[in-house]
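A short write-up of the structure that comes next.
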Amino acid sequence: MKRVLVVDDEPGLRQSLGLLLSDAGYAVTAESDGRRALERALAEPFDLVLCDVRMPELDGLAFLRAYRTNGGAALVIVMGAYGGEDAALAAMKEGAYDYLPKPFRPDEVVLTLRKAEERERLRHEVAGLRAQLAAGPTERALVVESRAMRDALDLVARVAEHNTTVLITGESGTGKEVIARAIHRASPRAGQPFVGINCAAIPESLLESELFGYVRGAFTGASGDKAGLFEQADGGTLLLDEIGELPLALQAKLLRVLQEGEIRRVGDQKTRRVDVRVLAATARDLGAEAGAGRFREDLFYRLNVVAIHLPPLRERRDDIAPLARHFAARLAQRFGRPLALSDGAITWLEGQEWRGNVRELENAIERAVVLTDKEQLEPADFRTQPLPTPPSPGSGEWGVGSGTLREVTEAAERRAITEILKETSGNRREAAKRLGVSLRTLFYKMSRYGLE
């Protein structure tokens, strides 16, 4: 049942619309005050909003403006007895779907809502199809079979048209960047730049200048002006991956950009306007991080307007087979030879845990393809030499199947990285510090061992 919010200061109209729309199959909520209605519209999921133009406290156009600014995604139909065409045009400019002049017939209201529903259904369908089109050969297309991923794709279609900030969460390797690119491709900004940055991969001392740019003489080596990623993404979309790794000092500056739409290059005295849609991704629980004081609460709430969570691959096994076949087909094209997966291979792949999620599955298939000339892969092609077993305490020896010195070393390195990442709750900077390596080296090792 579609949820409708009716906002009008006339009790009689609220009552008559409530009865009319309830009879037509809608779940109706009514509010007489614009400010209270705005709070409710942002806090609860509504499909449609019917709002009067003239109301005390907060008029219809101000309501609409504030609702859109704060990420409201429902279709808004404005009602009014004054202004005629001028009022209708003003409402459309603020993002209204339609304008209903008062007085109106009952069938006009229901017909307008039905048309709005049909438009929204078609828009979601088109956006969903656009989101599944790969924008380039280096991107993985969206493969959607499980209920969880269908829900995620539905959210992509719903939020794509609006400039709402989206927080994409999930374990490493679940496809957060793929979803971010899908939102961009399905949005009106699709023809503009998509720029992504991994906040954990850039040294803290360089991150501010990467994001906001710098002017000549700002620091040693700044021999000229340079635009930052916000300016490079102007008109388009900026993905802040691993946003949980952003230093607290930069979080305050990012919050200002999101609120004011302005950036200031390092060393510059003037601000510059930027029109950028920001998407953020993280494998960490930002709510818990904010509660522990490691992430700004105000920034968390500003980013968490719409959240899309991607479950790990082990919780959506329906996606394993289509993903595996998709990767095999792409590798066949890349290597220029026939390539398929047997039913046994698919069954074996579906039975694995895939702690590295989609990225680990893709790497496993590529490794099997590289190490065999077969046209059809079998389960045995994925069963690589097991990693050496760790030595028992005090034995000083490695267990059966220890392999070469290199294999022993790599196994110990992989285990050490895994344990440190677990101890630091996935904080890459802290893990690198404890391991005594650079952040770049840690990322290289994680990629090599399929730990991303």
Check Phe194 against each of (1) of a type in the set (Phe, Trp, Tyr); (2) over 13 Å from Leu239 (Cα atoms); (3) buried (at least 18 other Cβ atoms within 10 Å of the Cβ) and name the one condition it does not meet. (2)
Out of the residues in region 299-318 that are open to solvent by less than 10 Å² (accessible area, probe 1.4 Å) and part of a strand (DSSP E or B), which is nearest to Gly356 (Cα to Cα)? Leu310
Say we look at region 435-451 and pick out the residues that are part of a helix (DSSP H, G or I) and within 22 Å of the chain's Cα centre (by Cα); which of these is modelled with the highest pLDDT? Phe443
Give the residue that is most open to solvent (accessible area, probe 1.4 Å), with candidates limited to residues of region 217-226 that are without any contact (Cβ under 8 Å) to a residue 40 or more places away in the chain and over 27 Å from Phe194 (Cβ atoms). Thr220
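Which members of region 173-188 meet the condition of being part of a loop (DSSP other than H, G, I, E, B) and surrounded by fewer than 21 Cβ atoms within 10 Å (Cβ to Cβ)?
Pro188
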Residues to consider are Glu39, Glu117, Glu94; find the one that is modelled with pLDDT of 85 or more and open to solvent by 30 Å² or more (accessible area, probe 1.4 Å). Glu39
Would you call Ala321 of a type in the set (Gly, Ala, Ser) and surrounded by 14 or more Cβ atoms within 10 Å (Cβ to Cβ)? yes
For region 8-30, what are the residues that are more than 15 Å from Met79 (Cα to Cα) and not in a helix (DSSP H, G or I)? Ala24, Gly25, Tyr26, Ala27, Val28, Thr29
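Conditions (1) on the phi > 0 side of the Ramachandran plot; (2) surrounded by fewer than 15 Cβ atoms within 10 Å (Cβ to Cβ), marked per residue:
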site: Gly228; (1), (2): no, no
site: Gly235; (1), (2): yes, yes
site: Leu248; (1), (2): no, yes
site: Gln259; (1), (2): no, yes
site: Val266; (1), (2): no, no
site: Arg273; (1), (2): no, yes
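Which of the helices (runs of 4 or more DSSP H) found entirely inside region 193-298 contain at least 1 residues meeting this: under 24 Å from His309 (Cβ atoms) and within 21 Å of the chain's Cα centre (by Cα)?
The qualifying helices (runs of 4 or more DSSP H) are 248-260, 286-291.
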In region 31-50, anything outside any loop (DSSP other than H, G, I, E, B) and over 22 Å from the mean Cα position of the chain (by Cα) is listed as Glu31, Gly34, Arg35, Arg36, Ala37, Leu38, Glu39, Arg40, Ala41, Leu48, Val49, Leu50
Looking only at region 14-30, which residues are free of Cβ contacts under 8 Å to residues at least 24 places away in the same chain and open to solvent by less than 30 Å² (accessible area, probe 1.4 Å)? Gly18
Within region 157-171, track down each residue that is open to solvent by less than 50 Å² (accessible area, probe 1.4 Å) and more than 15 Å from Ala280 (Cβ to Cβ). Ala157, Ala160, His162
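Select from region 47-83 the residues that are of a type in the set (Asp, Glu) and surrounded by fewer than 22 Cβ atoms within 10 Å (Cβ to Cβ) and list them in ascending order.
Scanning region 47-83 gives Asp47, Glu57, Asp59.
The values are calculated or read from the model by the stated rules, or taken from the named source; none is laboratory data. Not measured: the values here are computed from a predicted model. Cβ sites come from the backbone with ideal geometry, for glycine too, and all protein chains shown count toward neighbours. To get the accessible areas, we keep the full protein, side chains included, count just its heavy atoms, and leave off ligands, DNA and RNA. Shrake-Rupley method; radii C 1.70, N 1.55, O 1.52, S 1.80 Å.
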